[in-house]
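Asks: Questions regarding the structure given below will be posed in turn.
The values are calculated or read from the model by the stated rules, or taken from the named source; none is laboratory data. Just so it is clear, the structure is predicted and the values come from calculations on it, not from any experiment. In this analysis, Cβ positions are derived from the backbone assuming ideal geometry, glycine residues included, and neighbour counts consider all displayed protein chains. Surface accessibility is based on the protein's heavy atoms, side chains included, excluding ligands, DNA and RNA. Shrake-Rupley method; radii C 1.70, N 1.55, O 1.52, S 1.80 Å.
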Amino acid sequence: MHTRFRLLFFLSAVILLTLTGVFWYQNGLRAVSSEAEDKTIVIAQGDSVQNIADTLKGAGLIRSTNVFRLYVKLQGVQSDLQAGTYVLNTDLSVAEITERLSDGDVLADEILVRLREGLTKEQIAQQLGDAFAEVQDKSADELRKTFLLAFNDANRPYDFLADVPVNGTLEGFLFPDTYRFFKNATAEDVTVKLLDTFAEKVPVELRAEADQYGYSFYEMLTLASIIEKELQKTEDRRLAADLFLRRLEIGQALQSDVTVKYVTGNDGFDTSVDSPYNTYKYQGLPPGPISNPGLDAITSALQPIPNEYYYFLTDADDVAHFAKTFAEHSVNVQKYLE
């Protein structure tokens, strides 16, 4: 009986250790984050698998060097990992990273540019001008002006530009993302890539949802550009989308601070400024987008959450506070803004 007990104990210990090892291995294979953050790493010629593992771990791209080394060994690709400069994301698994390193998906004659959500076309032109000035024999200001000229031309063969007014621009359609551009790319090359990305990330099925609200997609994109600048959280954005749509329905001014700031810029906030973008002075949507929104803001505008709010504000910590009546809103103003 004693021997049997020891055998059961031994088997239990083996099973426990095996399960622990399996959990350790599977967990180590997972991406370090669900959010994509770009990391640039350099794998030198002759680097060992251990060197590569240390580089990946130091960049925050893998959870465990031992798991990476074991995976590479089990896959039999130790000699397939190629030298070069790579741009990898923190949401890649060990399997995906290993595949990229084996394929030699390197950053060679390209530059990496991250265009964040909510930038205007002027800000994007400036960022691109600065980036390309480092690799092209032109000044940043000269390049900025060239990009801006391209962004001001909306006469292009894309179906989603059909509703852009005559003399309209590409504001709103310069999709925010992380881009790899060839170092010798022209402003036209870059513009086409931004528009192609918009077409891919905002598919026709999503754009068609604008019809149910009685607005064109361009008008809903304009709403999305406001939401992008006003609110941070998805649920808040979807609540605000319904709020704004109901204001439009009853003819109540949107009274959005960010539309005014689009006009005044660094000159201060002035609700008396005479501009169709002043949604305190003029009812309805402004003439066009005030920023280049990301997919979350676009989806939020097209998929609002029904509610009974008519007012909202965001405090110093970008937390949104909604109110059903102006009296409730006034209390929120005193509580969070004064």
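Asks: Read through the list (1) surrounded by fewer than 14 Cβ atoms within 10 Å (Cβ to Cβ); (2) in a strand (DSSP E or B); (3) not aromatic (Phe, Trp, Tyr), then give the number of the only condition that Gln334 fails.
Replies: It fails just one condition, (2).
Asks: Hey, another quick one. From the residues in region 228-242 that are more than 11 Å from Pro304 (Cα to Cα) and assigned to a helix (DSSP H, G or I), which one is most open to solvent (accessible area, probe 1.4 Å)? Let's see the steps before the verdict.
Replies: Within region 228-242, the subset more than 11 Å from Pro304 (Cα to Cα) is 228-233.
Next, only the ones that are assigned to a helix (DSSP H, G or I) stay: 228-230.
Working: Glu228: 20, Lys229: 90, Glu230: 31 Å².
Filtering region 228-242 for residues that are more than 11 Å from Pro304 (Cα to Cα) and assigned to a helix (DSSP H, G or I), the one most open to solvent (accessible area, probe 1.4 Å) comes out as Lys229.
Asks: If the requirement is being in contact with a helix residue (DSSP H, G or I) (Cβ under 7 Å, 6 or more places away or on another chain), surrounded by fewer than 16 Cβ atoms within 10 Å (Cβ to Cβ) and assigned to a helix (DSSP H, G or I), which of these qualifies: Glu205, Glu209?
Replies: On the way: Glu205 fails: in contact with a helix residue (DSSP H, G or I) (Cβ under 7 Å, 6 or more places away or on another chain).
Answer to the check: Glu209.
Asks: Here is a list: Leu254, Leu302, Leu313, Leu245. Which entry is open to solvent by less than 30 Å² (accessible area, probe 1.4 Å), hydrophobic (A, V, I, L, M, F, W, C) and touching a Gly at 6+ places or on another chain (Cβ under 9 Å)?
Replies: Details: Leu302 fails: touching a Gly at 6+ places or on another chain (Cβ under 9 Å); Leu313 fails: touching a Gly at 6+ places or on another chain (Cβ under 9 Å); Leu245 fails: touching a Gly at 6+ places or on another chain (Cβ under 9 Å).
So the residue among Leu254, Leu302, Leu313, Leu245 that is open to solvent by less than 30 Å² (accessible area, probe 1.4 Å), hydrophobic (A, V, I, L, M, F, W, C) and touching a Gly at 6+ places or on another chain (Cβ under 9 Å) is Leu254.
Asks: Here's something else I'd like to know. Mind listing whichever residues of region 120-152 are surrounded by 15 or more Cβ atoms within 10 Å (Cβ to Cβ) and in a loop (DSSP other than H, G, I, E, B)?
Replies: Selection gives Thr120, Val135, Gln136.
Asks: Of the numbered conditions (1) surrounded by 15 or more Cβ atoms within 10 Å (Cβ to Cβ); (2) at pLDDT 95 or above; (3) of a type in the set (D, E, K, R); (4) assigned to a helix (DSSP H, G or I), Glu171 fails exactly one; give the number of that condition.
Replies: (4)
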